[in-house]
1. May I ask you to give the solvent-accessible area per residue for the chain, in square angstrom, as obtained with a 1.4 angstrom probe?
2. I'd like the accessible area for Y62: 1.4 Å probe, protein heavy atoms, all chains in place, Å² to the nearest 10.
3. Over the chain, what percent of the accessible surface lies on carbon and sulfur atoms, probe 1.4 Å?
4. From the Cα trace of the chain, what convex hull volume per residue do you get, rounded to a whole Å³?
5. Using just the helices of the chain, give the 222 nm mean residue ellipticity in deg cm²/dmol: DSSP H runs with n ≥ 4 each add -39,500 (n - 2.57), and the total is spread over all residues, rounded to 500.
6. Nearest 10 degrees is fine. How inclined is helix 5-15 to the longest principal axis of the chain, computing both from alpha carbons?
Amino acid sequence: MPRSMFAYTKQVLTNVSFDPVLFCKEVEKAVKSLLPYEVDQLVDWLQTFTTEKPELQVCLTYLE
């Protein structure tokens, strides 16, 4: 069964979380390519994920 785009996006974001600039670029790309309900899931996931990595919280501005 093919992997959902949301699951792929989470994996990519997890892999690039070492670099805030790259992370923000990937968040921006994800918002453009995901379906609206997937963007809602992404927002929830990002809010949880970035609590442990405050340097990535600046990327939440791309979700507004």
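The values are calculated or read from the model by the stated rules, or taken from the named source; none is laboratory data. Please read these numbers as outputs of a predicted model, since none were measured by experiment. The area values use the complete protein model at the heavy-atom level, side chains included, leaving out ligands, DNA and RNA. Shrake-Rupley method; radii C 1.70, N 1.55, O 1.52, S 1.80 Å.
1. Working: 4350 Å² over 64 residues.
Here the per-residue accessible area is 68 Å².
2. Using a 1.4 Å probe on the heavy atoms, I get roughly 90 Å².
3. Numbers: 2490 of 4350 Å².
That share works out to 57 percent.
4. Numbers: hull volume 5.2 nm³, N = 64.
So the per-residue Cα hull volume is 81 Å³.
5. On the way: 3 runs with 39 residues, N = 64.
Roughly -19500 deg cm²/dmol at 222 nm, from the helical runs in the chain.
6. Helix 5-15 sits roughly 30 degrees off the main axis of the chain.
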